[in-house]
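Engineer: Sharing a structure with you now.
The values are calculated or read from the model by the stated rules, or taken from the named source; none is laboratory data. Just so it is clear, the model here is predicted, and its values are computed rather than measured. Every residue, glycine as well, gets a Cβ built from its backbone with ideal geometry; the counts of neighbours run over all protein chains shown. Just so you know, the surface numbers come from the protein's heavy atoms only, side chains and all, with ligands and any DNA or RNA stripped out. Shrake-Rupley method; radii C 1.70, N 1.55, O 1.52, S 1.80 Å.
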Number of protein chains: 4
Amino acid sequence: MDSRPGYDRKLLNILRTAASVFAEKGYSRASIRDISGATGVSLSGLYYYFGSKEELLYLIQDHCFATLLTRLEEDLEGVADPECRLRIFVRNHLHFFVANMEEMKVLSHEAEVLTGDFRSRILDKKRAYAGALAGILSELREPEGGTGSEAVENALPPRGEGATLRTTTFVLFGMMNWIYTWYDPERDLPVEELEQTILHLFLHGVLTPPAPDGEVRLPETSRMGRSSIWRGG
Amino acid sequence: MDSRPGYDRKLLNILRTAASVFAEKGYSRASIRDISGATGVSLSGLYYYFGSKEELLYLIQDHCFATLLTRLEEDLEGVADPECRLRIFVRNHLHFFVANMEEMKVLSHEAEVLTGDFRSRILDKKRAYAGALAGILSELREPEGGTGSEAVENALPPRGEGATLRTTTFVLFGMMNWIYTWYDPERDLPVEELEQTILHLFLHGVLTPPAPDGEVRLPETSRMGRSSIWRGG
Amino acid sequence: MDSRPGYDRKLLNILRTAASVFAEKGYSRASIRDISGATGVSLSGLYYYFGSKEELLYLIQDHCFATLLTRLEEDLEGVADPECRLRIFVRNHLHFFVANMEEMKVLSHEAEVLTGDFRSRILDKKRAYAGALAGILSELREPEGGTGSEAVENALPPRGEGATLRTTTFVLFGMMNWIYTWYDPERDLPVEELEQTILHLFLHGVLTPPAPDGEVRLPETSRMGRSSIWRGG
Amino acid sequence: MDSRPGYDRKLLNILRTAASVFAEKGYSRASIRDISGATGVSLSGLYYYFGSKEELLYLIQDHCFATLLTRLEEDLEGVADPECRLRIFVRNHLHFFVANMEEMKVLSHEAEVLTGDFRSRILDKKRAYAGALAGILSELREPEGGTGSEAVENALPPRGEGATLRTTTFVLFGMMNWIYTWYDPERDLPVEELEQTILHLFLHGVLTPPAPDGEVRLPETSRMGRSSIWRGG
DNA sequence: GATGAATGAGAATTCATTCAT
DNA sequence: GATGAATGAATTCTCATTCAT
């Protein structure tokens, strides 16, 4: 993925720097001049890499989402148990989030600014990703059939099972995505514990004490050793 | 400052309209011209009511937070049981959020744009509010002492009880605040059910089925009949 | 003069305060709001006293010039000796300047901003005043005839006696008027010595040492005891 | 900063044109739009050459002063006699003033509008320049020692020799600088005679008739043939 | 691949002024 | 006499973008 044509090292570096500028100042308060300053590339030189500021944002979000999705697919491969699948989803999401806080902040915070084609392409990925989680949650409750994703994508049925699944899905996303507003790696729990806390909360609630010997842990995936343009790997 | 009723009514109207413009386009993409258009007040006329665009944002956020805090205090008064207090907090937060979606979106989404004094004054209110929730959660787990708010406000102890409480607090906020990104009153569960869902999730987790006769319900407060400049009342 | 109809106490007070604001910030950088703030009169309330900002400047300059001219006439009355008349002119100009530094700064510095009728009325007074000095200087060199003022007012003769007289006149004005840029009553010579220094310089030059027993002094006029709205009297 | 000849030439041209606009309308009444119109450069294009209107004024004043100072140093080099040095100072000042009336008007008239660093940098140059004149005047009266510049720069001694020197210095500057308010090259004496008149007045006063064969003249400097971006050369 | 120079459009804000009360 | 509320016009400055080189 990191070596797909069109995503060469220089562009990737620009995307990363731009993401960090956007994360700090916000997309619309950040100017291309800021990005020129942060990257060291001249103002007009940047336009060789993207056609417009909006495309720059698109590229950041797209690349971020694509990586997230790819990894998720890899990690879920071959795992059938719904609870396991949920654990993998949450772990993947949180680890990636914390390792790539700036990009994920841009993804979460600047979700509505893209327009036209850029917007719909990102929306597609977002729906696919949310659908994946909805599918897992759906299986978790009624392990028999369906992917669950329809309930998130479509408006029907408006109030009932579908609406509850949709709610549960986004409530879980809320628990996770909101961390960009408060999580400080140096002050807060390490990601692994954050993951355990969130998972336990979601599955059993605060009133249920965690199992004395810790939550059931998944075997370590190969996630840690991966090389990546994403800083956290 | 100015407390004549005409001035107040007009200002409040401007705040509400501006909040809705900010909610739709985002604070920095929205221009004062947009607000002039939406309110029907001339561009320069607006500056009679606020000194700068940033102050306008501050006024919106401050008024929103102030109302939220006031109501919370009123509703919590005299209630001692931690779980009850938690239910009241969540109910208050969610009802207010859904009734004043635009202001709350501005409060949640544009949290970082304020600077200087404006920023710190809002931060104070925010810390007080988050501290209130942390205090409740603290009592919920260990009903004996302390308000819990120190753990959210201070960095100590960095990893341990404090960090877990902090995490739990913000995870709950995440569940609730994230709704501005997805909740659609016409499509999704009514607020009351949303409230039940979130509370149940937080207290008992997804794996525990809700009690067959519904969650324990609090006696209805007089919240519904209140008059207010906030649309939801 | 200070009690002419149209120049009542309140207006005079506004003129004085406005002059001080204009002196400090410059006419065009000062806003009517500044003057409202400095006077304590509301923005719109000021317009009862003058029709426009430009008229306000005109009133300040006109009143200042009128006082200057009136006093000059009074003091010169009955004095025939050219050198005495010159001493009186310089004394009058400098004392008034130092006593009313702010108004005189406005008069000197904002000479070109008035337009139309306002401008020409002030120009008339200025020409009369400069003509008076030119007349005195003319007599000083060739005590026989003419008032000398034509040479300053008209362009003819362009180069010769007239041009020299004009030059001498404005060079003397330069010596005096420039003080608004540097004179500090607490640091520099008292006005009486400033007056002596300038007069000696103009009459005898730096290379001629002053007479050992001081310059010839005029009998004290009644200038000092005069009451006036002008702070210095 | 940028020293490519094209950039420099263009900037210098902008400075000259802007100086003329500022001279005519006054710094604060002149808009960047006016300067855009006068230079033919687009409004925003101007900001490539300076960061703010205030910096534009600074650049004009700084360049003007720098040239003035450089020339003065060149011309004074090797001249020891105080009276000669004074003649050179006055000649340099007046010739430059008349040749660059617009810039010098901006320098004289808009002395107080600069703030912060811009202000203090110009003030430094101004103090150095005034100090140079004070030094010459000091030697002229008491040819033994000291530069005289301390008396202008410091407040001590507040009243006495220092204050008189300060006064004399600024009175001479007044004679010269005031010309921007009245001097018209087509109507008034040519610069050379203006120079003679002012010098004679300052040294010997009006009551001393000029020597029949003219004032002592310095040998012509090469000033006339100099090429310069300043129109007067 | 890269950049200096330039620009049109639009941003926030200020200002002198007005007018109903 | 005096003022609160309002406004049109103008101001400085920023921004995304372009294009010749």
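Engineer: Can you give the accessible area of C:GLU102 in Å² (nearest 10), computed on protein heavy atoms with a 1.4 Å probe?
Structural biologist: C:GLU102 exposes around 60 Å² with every protein chain in place.
Engineer: May I ask you to report, in nm to one decimal and beginning with the shortest, the distances from B:GLY116 to the same position in the other copies, taking label points 7 Å along Cα-to-Cβ?
Structural biologist: Taking the point 7 Å beyond Cα along Cα→Cβ, the inter-copy spacings are 1.4, 3.9, 3.9 nm.
Engineer: Between B:LYS25 and D:THR67, what's the calculated FRET efficiency when r is the beta-carbon distance and R0 is 45 Å? Round to 0.05.
Structural biologist: Working from the Cβ atoms, E equals 0.30.
Engineer: Could you work out how far apart the two model spin labels at C:ASP8 and B:VAL79 are, taking each label as a point 7 Å from the Cα in the direction of the beta carbon, and quote it in nm?
Structural biologist: Between C:ASP8 and B:VAL79, the label points sit 6.5 nm apart.
Engineer: Could you tell me the accessible area of B:CYS84 in Å² (1.4 Å probe, neighbours in place), rounded to the nearest ten?
Structural biologist: Accessible area of B:CYS84: about 40 Å².
Engineer: Between copies, how far does the label point of C:GLU54 sit from its twins, in nm, shortest first, when each point is 7 Å from Cα along Cα→Cβ?
Structural biologist: 2.9, 3.7, 4.7
Engineer: What are the semi-axes of the equivalent ellipsoid for segment C:68-107, taken as the square roots of 5 times the Cα gyration tensor eigenvalues, largest first, in whole Å?
Structural biologist: 22, 10, 6
Engineer: In segment C:40-88, which chymotrypsin sites (Phe, Trp or Tyr not before Pro) are in a loop and have at most 16 other Cβ atoms within 10 Å, using DSSP for the loop call?
Structural biologist: Those satisfying the criteria are C:TYR47, C:TYR48.
Engineer: Let me know the mean shielding of C:187-195 by other chains, meaning the per-residue number of their Cβ atoms within 10 Å of its Cβ.
Structural biologist: Partner Cβ neighbours, averaged per residue: 4.
Engineer: If the cut-off is a Cα-Cα distance under 21 Å, which lysines reach C:LYS10, setting aside same-chain residues fewer than 8 apart in sequence?
Structural biologist: The reachable lysines, counting only those whose Cα sits under 21 Å from C:LYS10, are C:LYS53.
Engineer: Okay, next question. Take every residue in peptide A:106-115, count the Cβ atoms of other chains within 10 Å of its Cβ, and give the average of those counts.
Structural biologist: 2
Engineer: Given the peptides A:89-99, D:24-34, arrange them by the average over their residues of other C-beta atoms within 10 Å, most packed first.
Structural biologist: A:89-99, D:24-34
Engineer: Right, here's the next one. Using a 10 Å cut-off around each Cβ of peptide B:173-184, what is the average number of partner chain Cβ atoms that fall inside?
Structural biologist: 6
Engineer: Another question, if that's okay. Let me know the volume per residue of the alpha-carbon convex hull for segment A:1-144, in Å³.
Structural biologist: Hull volume normalised by residue count: 114 Å³.
Engineer: So between C:ARG121 and C:ASP34, what do we pick up on full extension, going 0.36 nm a residue minus the alpha carbon distance?
Structural biologist: The C:ARG121-C:ASP34 span can extend by a further 28.7 nm.
Engineer: Kindly compute the accessible surface that chains B and A hide from a 1.4 Å probe when together, both sides summed, and give it to the nearest 100 Å².
Structural biologist: Summing both chains' loss of accessible area gives about 4200 Å².
Engineer: So the label point sits 7 Å from Cα along the Cα-to-Cβ vector; using that for C:LYS10, what distances do you get to the other copies, in nanometres, sorted shortest first?
Structural biologist: 2.5, 5.7, 7.3
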